[in-house]
Structure formats: structure tokens, C-alpha cells
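Reviewing the structure listed below.
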Amino acid sequence: MAKRGRSKSKWNKYRIVRSVSSLRSHIPKSKPYSKANLKSLLARYGRVIVKPVHGSGGKGVMRVRRSSSGRIEIRYKRKKKSYWSRAAANRYIRRKSRGKEMIVQRYIRLAQVRGCPFDLRVMVQRKRTSSSRWKVTGSLAKVAGKGYIITNIRRSHGKVLKTSAALRRSNLKGNTAPRRSRILKEVDRISLVSARTLSRFYRYIHTVGMDIGIDRHGKVWLIEANFTPDLTLFRKLSKKAYRNIVNYRK
């Protein structure tokens with residue numbers, strides 16, 4: 001069914017996981033980037049993310065929003081640009097994308113720790129046997145650096161926290177222990193269903209790093225699935241957590 005040559009682009013993976021009814025409402029609406037698609041998603045959601053179809057590490061990610069004055073504001077790295085015309089905004093985005101294929105995606109307002117957005121990296125793995133089941137083997141929170149929109153630790157000069165600590169310190173509404181427990185169960189469910197779904201199309205995968213967002217209202221969002229996740233993040237958190245993940249995939 002799936003061969004090693006199947007494209008691992010964000011767009012392909014998005015279409016695969018969005019085909020599952022139990023996941024659909026947890027996946028931000030996305031479209032291939034075009035001026036028309038930017039217009040339609042901006043009109044619908046007010047804020048969007050534009051990012052490369054290929055690549056990782058938060059590189060090339062832009063946030064676009066329409067301000068109350070009607071201007072289109074683009075945030076790239078720590079810089080802001082503002083345009084009255086969609087054509088001018090589109091030219092800026094095209095210039096920054098350097099000819100790369102992009103997607104436009106609904107922007108999710110992530111929960112924050114001390115004013116900085118965070119998401120979760122959830123490791124889902126299976127042993128290298130055909131009958132092996134997927135298992136959540138670890139998770140951590142990536143907290144963006146001050147003033148950044150991306151949670152990539154290197155690019156935003158952010159920090160790593162234990163998942164439980166990030167949720168406890170966050171601005172999540174109704175932030176109680178039972179509520180956090182329910183959210184974490186939903187995080188695990190979405191991560192496992194996503195891994196099982198993707199492995200039907202990419203049969204060779206055994207380790208997936210899920211980027212999971214939680215908004216301030218406690219809704220869980222699948223942002224991205226990474227087939228070659230950076231495991232050194234877990235070494236920053238705990239040598240034991242890192243060893244558990246590395247040893248599991250042997």
C-alpha cells in the first residue's frame with residue numbers, strides 16, 4: 001500500500017490524518033498556499049500560519065492576521081510587516097518563502113506559560129516487529145522564547161519543561177488537576193490514533209514525534225507529525241527520559 005518513496009510532506013500527512021473522523025476536529029484547517037486560500041482562511045479565522053510543506057524546526061514559519069484597521073500584518077521571526085493590499089502581502093510571503101511550496105493553516109492560540117506559548121512533543125513508538133503496537137514513550141513541553149510565535153527551542157531561544165509542569169503553570173481556563181488529567185488522556189489518544197493511521201501509509205515508520213497544541217480552553221490540537229524527531233530535547237529534560245526513548249526503538 002505505502003512505499004518508502006511516498007512523500008512525507010506536511011500536506012500529505014495532513015490529508016491522511018484528517019481523513020479519520022475522530023481526529024478531524026482536532027486538526028487545524030489547512031490548504032495549499034495561494035493568494036485565494038490566504039484570503040479565505042483569513043476571512044474565516046482572522047489569523048493563520050504560513051509554513052513550508054517540507055522542512056522542520058520552525059524554519060520559514062509566518063503568522064498572518066488581519067488587524068482591526070483592515071491591514072494585513074505578517075510576523076516573521078521577531079519582525080512585523082503591515083500591508084493594506086493583499087497583493088503586497090502575498091509578494092512579501094512569496095519572497096520570504098524563496099519559491100518553496102507552502103501551506104496556509106488556521107492559527108491556534110496556544111496556552112501560555114508566563115506569556116509564552118507552548119506545545120507538546122509527544123513520542124509515539126513501536127518495536128520493529130509487524131505485530132508491535134504503538135505506545136506513548138515520553139512527552140515534554142516546548143515553551144517559546146519571549147516575543148516568538150514558534151516553539152522550536154533553538155530558533156526561539158525557548159526552554160523545555162515537563163509536560164505536567166507546563167500545564168500546571170499555564171493560563172489554561174479551569175486549571176485543576178482533574179482537568180489536566182483529562183487533557184493528557186486526550187493528548188495520548190490523539191497521538192496514538194494519528195501514529196496508527198500514518199503507519200498504514202508509511203509502513204516503515206517506528207518513531208513519530210507528535211507536535212500537540214493545547215489552547216487556553218483545553219482543546220487538544222494535532223499540529224504536526226515528525227518522522228525524524230529531535231531526541232536531544234529529551235536529554236535536556238532528563239537523561240532517563242532520553243534513554244527510555246532511545247532504548248525502546250532498538
Boolean, residue 192 is touching a strand residue (DSSP E or B) at 6+ places or on another chain (Cβ under 9 Å), assigned to a helix (DSSP H, G or I) and more than 23 Å from residue 133 (Cβ to Cβ): no
Quick one: residue 211 ticks every box in (1) at pLDDT 95 or above; (2) surrounded by fewer than 19 Cβ atoms within 10 Å (Cβ to Cβ) bar one, so which box is it? (2)
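Quick grid of which residues meet (1) farther than 28 Å from residue 141 by Cβ; (2) of a type outside the set (Lys, Arg); (3) surrounded by fewer than 17 Cβ atoms within 10 Å (Cβ to Cβ):
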{"site": "55", "(1), (2), (3)": "no, yes, yes"}
{"site": "66", "(1), (2), (3)": "yes, no, no"}
{"site": "85", "(1), (2), (3)": "yes, yes, yes"}
{"site": "104", "(1), (2), (3)": "no, yes, no"}
{"site": "109", "(1), (2), (3)": "no, no, yes"}
{"site": "120", "(1), (2), (3)": "no, yes, no"}
Strands (runs of 3 or more DSSP E) fully within segment 108-173 counting 3 or more residues that are under 15 Å from the mean Cα position of the chain (by Cα) and not assigned by TED's automatic domain parsing to the domain that holds residue 211: none
In segment 90-105, which residues are in contact (Cβ under 8 Å) with a residue 12 or more places away in the chain and closer than 13 Å to residue 34 by Cβ? 90, 93, 97, 101, 102, 103, 104
Taking only pairs six or more apart or across chains, which ones have beta-carbon atoms under 7 Å, a first residue in segment 179-207 that is within 15 Å of residue 19 (Cβ to Cβ), and a second residue that is of a type in the set (Val, Ile, Thr) and assigned to a helix (DSSP H, G or I)? 194/17; 197/16; 197/17; 198/16; 198/17; 201/16
Can you tell me which residue among 131, 56, 68 is touching a strand residue (DSSP E or B) at 6+ places or on another chain (Cβ under 9 Å) and not acidic (Asp, Glu)? 56
Condition broken by residue 36, with the remaining ones in (1) under 30 Å from residue 174 (Cα atoms); (2) free of Cβ contacts under 8 Å to residues at least 40 places away in the same chain satisfied: (1)
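The values are calculated or read from the model by the stated rules, or taken from the named source; none is laboratory data. No experiment lies behind these values; they were computed from the predicted model shown. Glycine gets a Cβ as well: all are built from the backbone with ideal geometry, and neighbour counts include every protein chain shown.
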